[in-house]
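Everything below concerns the one structure shown next.
Throughout, read-outs are computed from the coordinates displayed, never taken from laboratory work. Every value quoted in this text rests on a predicted model; they were computed, and no experiment measured them. Please note: Cβ atoms are built from the backbone with ideal geometry, for glycine as well, and neighbour counts cover all protein chains shown.
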């Protein structure tokens, strides 16, 4: 009892300390929900393949929509991927085949030539903009340039459909209009995405190679002549 | 030296550092060593003394001089792209307007040669020649029924090879030659390799409008524009390189200048002959009809 008194006397001061009523003591003692990325890795491994593929397809489709309505949005730049450019490049190269088969060396561009022009051209333009002091990263720039080929691919599809109906002057004029419109659209879309990352007094120096790149691709589309 | 202190007493920062060092079995150090050590480990502190003590070569690099980066690194090439739009524009205009006494390299390029101009002017010229050659062939053969339009895409690679070798190998040869002559004769004016590449690259810019003019299938107009482009670019090149070679022996100077002119002429005439061959289809059909007439006669 004496010890109890002694110990209670030691803690006597503490009992005088009162927790004032206007500071409510509250808290949550439950575990926070696990949000670590390790768990995310496990969960995407376990999900069905359909979900993974659909997620990537949705990302690619989202970027296509961004190219169709080009506003200055950061979404295209932030989550870059190269699936879309690869798809567009292969489609365009395949569609440019099958022209002028009788003269073998003076025909249209071969599959490998289209591939090389598109990827090598994008690479050179990206290097150019980085050397001129741009702040965009390497793969982001490749992604933007690849996705902005989409209007030209659509123009190629339209041109092939128009050529099914004959290759006279009217079809040529229609094809010319379509290719010019899509070339302008591609250039406008890519400069809308790339313009912010360039230093102010060098914008024209960066835009000109993009213009040349899409001009050459547009020329390849316009001069496509099917085998007769 | 283990400092036995009350663990709850606030310890100075340096002593805590030394305590940590001792626990890691480091050799004993005192406060001065710790200060030195701290300065070496944290060069980014704001105090000026520590910056001066810390990295002398870093201060040298940041002093605004051009970094001597090795040529396989990205930074080496970045200093050749240090141009603004108005500079490129003024260099292009200066390369087509020869002015007596004004040297292209001296006026525009000095101390800041760029690779942007030469590279993209050559690329534009390659595609311009391929496209315009294709268009002119199409226009020349427009009326004839047995002409089948082909895109002639293979000519792009030929054009690219010719133009890029002209724009890079000829400056290399000239630079090597000037270097060799400089070791024999003291020249007042010396050009670096990049400056010569710049001069040649920008001098090709006059051919882009000339090539576009060659689409029009008029022979007189084509020859007129060839001669005009030759004169303009050739005279700019001559005016540029004359100060570098004029102190030399007279025969060497004349040989050098004429080599520049001859190469330029070869380039222009070669372009015209190969890409814009002007034989019309009417001549071809006439030839073939004459041949068939001759063949049919013995039968009758």
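Could you give the Stokes-Einstein D for the stretch B:86-196 in µm² per second, using the C-alpha Kirkwood radius, 10 °C, 1.306 mPa s? After rounding, the answer is 93 µm²/s. Residues B:144, A:182, B:205, A:171, ranked from the fewest to the most other C-beta atoms within 10 Å, line up as B:144, A:171, B:205, A:182.
Give me the one-decimal Kirkwood hydrodynamic radius in Å for the stretch A:148-228, with the sum taken over alpha-carbon pairs.
Numbers: mean 1/r = 0.0739 Å⁻¹.
Every distinct Cα pair counted, the radius reaches 13.5 Å.
Taken along the Cα-to-beta-carbon direction at a fixed 7 Å, the label points for residue B:238 and residue B:147 span 3.7 nm.
For the stretch A:80-228, the pair-distance distribution built from all alpha carbon pairs, in bins 5 Å wide starting at 0, is 2, 10, 19, 21, 18, 13, 8, 5, 3, 1, 0 percent.
At a Förster distance of 35 Å, what's the computed FRET efficiency of residue A:91 paired with residue B:265, Cβ-Cβ distance as r, to 0.05? Present the calculation step by step, with values, prior to reporting the outcome.
Numbers: r = 45 Å, r/R0 = 1.29.
That pair, residue A:91 with residue B:265, gives E of 0.20.
Could you list B:248, B:114 so that the one with the fewest beta carbons within 10 Å of its beta carbon is first and the one with the most is last?
B:248, B:114
Simple spin-label estimate for residue B:216 and residue A:181 gives 3.2 nm between the two label positions (7 Å along the Cα-to-Cβ direction from each Cα).
Counting every other Cβ atom within 10 Å of each residue's Cβ, A:160, A:55 order from fewest to most as A:55, A:160. Look at the Cα gyration tensor of the stretch A:129-189: its axes a ≥ b ≥ c give a/c of at least 1.5 with a/b over b/c, and that counts as prolate. Reported value for the stretch B:172-258: 92 Å³ per residue, from the convex hull of its C-alpha atoms. Modelled label-to-label distance, residue A:167 and residue B:179, 7 Å Cα→beta-carbon offset: nm? That separation, rounded to one decimal, is 5.2 nm.
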